[in-house]
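A short worksheet on the structure shown next.
The values are calculated or read from the model by the stated rules, or taken from the named source; none is laboratory data. All values derive from a computational prediction rather than experimental measurement. Heads up, the Cβs are rebuilt from the backbone with ideal geometry, glycines too, and the neighbour counts pull from every protein chain shown. Only protein heavy atoms, including side chains, enter the accessible area calculation; ligands, DNA and RNA are left aside. Shrake-Rupley method; radii C 1.70, N 1.55, O 1.52, S 1.80 Å.
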Amino acid sequence: MGILDEAIREIRLEKQAAEDELRQALEDFDIITSRAVAAVKSTVADLRLELQAAGWWAGDLSEEANPPYYVSLAFQVRRYAADPDPVTNPTYSYAIKFDGLGGAERTTGDNDPLTEMLVFRGVARQDFGMDLEKDLKLFLKAILHRH
């Protein structure tokens, strides 16, 4: 086997290794984040129904993903559904961004955040949903304190 053939073979092996590494990273990302993302989607769906029944406006949950690097989920709420005035009834946002290492960062607004950014660790845990519910409750309490 000549030098050129050996170089071509090594390039093929390197490409295959990179493809295998990416495939494994995507699988790991899915395993780590799938339960947590499902918990957010389910909890926010239930919360939206509860808020709407109480006369709040609650926007749809949006999702942005770039596996295996992150998946981000966000939604917005206003205290009164019938009052779209942004001065008397501002819109508040809640966003959670999961990384591929089992962590997540939650923010509540860009310009005037309601609460400090929160970092979750071990989002693949079964009790992550309880942490999420506690955090959503704090988010809603912060909105109520502002009104």
Using just the C-alpha positions of the stretch 53-120 as equal point scatterers, what log10 of I(q)/I(0) does the Debye formula give at each q in 0.15, 0.20 1/Å?
-0.56, -0.85
Running a GNM on the chain with Cα contacts under 10 Å, which residue among ASP83, ASP30, ASP20 ends up with the highest mean-square fluctuation?
ASP20
Taking only Cα atoms, what is the 0 to 90° angle, nearest 10, from helix 128-146's long axis to the longest principal axis of the chain?
40 degrees
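Nearest 500 deg cm²/dmol is fine: what mean residue ellipticity at 222 nm does the chain get from its DSSP H runs of n ≥ 4 alone, each adding -39,500 (n - 2.57), divided by its residue count?
Numbers: 2 runs with 70 residues, N = 147.
Counting only the DSSP helices, I get -17500 deg cm²/dmol.
Whole number in Å², please: accessible area per residue of the chain, 1.4 Å probe, ligands, DNA and RNA not counted. Numbers along the way, then the final one.
Numbers: 9480 Å² over 147 residues.
For the chain, the per-residue accessible area is 64 Å².
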In Å and whole numbers, how far do the C-alpha atoms of the chain stretch along each principal axis, longest first?
77, 32, 25
Quick one: if you take sqrt(5λ) for each eigenvalue of the C-alpha gyration tensor of the stretch 13-62, what semi-axes come out, biggest first, whole angstrom?
40, 10, 4
For the stretch 48-112, give the percent of accessible area contributed by carbon and sulfur heavy atoms, probe 1.4 Å, rounded to a whole number.
49 percent
Cβ charges +1 (Lys, Arg) and -1 (Asp, Glu), total dipole of the stretch 67-141, debye:
180 debye
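Taking the Cα centre of the chain as the origin, how large is its charge dipole in debye, to the nearest 20, when only Lys and Arg (+1) and Asp and Glu (-1) carry charge on their Cβ atoms? Could the numbers behind the result be given before it?
Working: 17 positive and 26 negative charges, 146 e Å.
The dipole magnitude comes to about 700 debye.
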